[in-house]
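Encoded as structure tokens, the structure appears first; notes follow it.
Quick note: the coordinates plus some simple rules give every number you see, no bench work behind them. Please read all numbers here as calculations on a predicted model, not as lab measurements. Positions of Cβ are generated from backbone atoms using ideal geometry, with glycine treated the same way; all protein chains shown enter the neighbour counts.
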Amino acid sequence: MSLEPSTSAHPLEVICAGIVIADCVARPVVKQALPGQLELVEHIGLYAGGSAFNTASDLVRLGLGVSLVGRVGEDGFGDFLMHAAKRAGCDTEFLSRDPHAPSSATLVTVDPSGERAFLHSIGANAGLEPHHIPLEPLKARGARVLHLAGFFILPGLEGNRGEPARALFQEATRLGLTTSLDCVWDATGRWGELIGPVLEFTDLFCPSISEARAIVGMPGDDVFSPREVAEALFRLGVCQTVALKMGPEGSFVMARDGEYHFVPAPQVETLDGTGAGDAFIAGFLAAHLKGLSLLECAQIGNAVGALCVGALGATAGVTDWDDARTLAELGVQV
């Protein structure tokens, strides 16, 4: 495959690889239909989602050039996802089609309170492997960061004990790329056994606080503090920074040298929490690439997450860098 210039309006800086998903969302679901019966809802919509797509789209809105790398099927959902990624401004040269697997899809039902339930098919995401992520050519085009999103539902990168992703991150480190890792809830319960080997070559790790506690074997919200959880992740091998996403509470960030901050989230009206964690990572990475401090990175991450929850959908609320910076400054003043 020949390399072509990025279709992004911005110079390439981030490789965003991982899960790309077609989300079919029904809301509000007051009552689940019984077998053979039908229930009515006000809205059913099809949206592009998945951690890699969401973070890539948000990064573009924040002014960065992004190559979105993943696998979709040669089906209607795949056509939709390819079009959505191009419309979002991502470089899609390595968003490839799998002729043997359907596109990954999630059926999401949202109840009147906003609580979500999911049915998910991994589909083509299972086929994403290291050879689909061409680090050297993308580095030559200007990439500075490799972000891998959706660990625990990427079998082709997880192997038996994280070997493929570990090798990918080891090669990225050799090339001088900053490595960033995000995960989802591990339905298999393997947690640290699977992701631990990858953390030894991970510069920035951005799990939710509940995911982090499960990875390090510290369950229970009131037993271990975020700082203790972050320190345990450093013992597992995280190289530079742990950023724990804590929802409406904000975030906890810690550097390997001991610097740490609990950063409250800006107070905004929440319409939809979908994609807020992915938006936090986009904000953090954008700030990092601009050379901002650890505290400022967390503040910008929180601000982009807050922009995200102010609109329906995983990415619609994220606007641009100036809005994120303004909201972060307002949050500090509060």
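Helix-only mean residue ellipticity at 222 nm, the chain, DSSP H runs n ≥ 4 weighted -39,500 (n - 2.57), per residue, nearest 500. What is it? Don't skip to the end; give the middle numbers.
On the way: 11 runs with 115 residues, N = 334.
Only helices count here, giving -10500 deg cm²/dmol.
Sorting 45-54, 246-255 by their mean Cβ neighbour count within 10 Å, with the most densely packed peptide first, gives 45-54, 246-255.
Under a model in which nothing but the beta-carbon of Lys, Arg (+1) and Asp, Glu (-1) is charged, the stretch 21-128 shows a dipole of about 120 debye around its Cα centre. Counting only residues at least eight positions apart within a chain, or on another chain, the lysines with an alpha carbon under 20 Å from that of Lys139 are Lys290.
The spacing between the stretch 286-334 and the stretch 201-221, judged by their C-alpha centroids, is 22 Å. Couplings 3J(HN,Hα) for the stretch 149-165, derived from phi with the Karplus relation 6.51 cos²θ - 1.76 cosθ + 1.60 (θ = phi - 60°), are 10, x, 4, 4, 9, 10, x, x, 9, 8, x, 8, 9, x, 4, x, 5 Hz, where x marks Gly and Pro. Near the amide H of Ala265, within less than 5 Å, lie the amide hydrogens of Gly250, Ser251, all on another chain or at least 5 residues away, with H placed in the peptide plane.
Determine, for each peptide in 100-113, 203-216, the mean count of other beta carbons within 10 angstrom over its residues, then list the peptides with the highest first.
203-216, 100-113
For the stretch 250-278 versus the stretch 8-79, the inter-centroid distance based on Cα atoms is 22 Å. In terms of surrounding Cβ atoms within a 10 Å radius of their Cβ, Arg161, Arg71, Arg141, Arg61 rank from fewest to most as Arg161, Arg141, Arg61, Arg71.
Taking the Kirkwood radius as the inverse of the mean 1/r across Cα pairs, report the Rg/Rh of the chain. Rg divided by Rh gives 0.95.
Excluding Ala26 itself, calculate the net charge of residues whose Cβ lies under 14 Å from the Cβ of Ala26, where each Lys or Arg counts +1 and each Asp or Glu counts -1. Intermediate results must be reported in sequence, preceding the final value.
Working: positive: Arg27, Lys31, Arg116; negative: Asp23, Glu39, Glu42, Asp111, Glu115, Asp272.
Charge balance near Ala26 sits at -3.
Largest mean-square fluctuation among His147, His131, His120, in a Gaussian network model of the chain whose springs join Cα atoms under 10 Å apart, belongs to His131. Computed 3J(HN,Hα) for the stretch 199-206, one whole-Hz value per residue from the Karplus formula 6.51 cos²θ - 1.76 cosθ + 1.60 where θ = phi - 60°, is 5, 5, 10, 9, 6, 10, 10, 10, glycine and proline marked x.
Taking R0 as 25 Å, what FRET efficiency do you get between Gln32 and Ser113 from their Cβ-Cβ distance, rounded to the nearest 0.05? Intermediate results must be reported in sequence, preceding the final value.
Details: r = 15 Å, r/R0 = 0.60.
Using R0 = 25 Å, I get an efficiency of 0.95.
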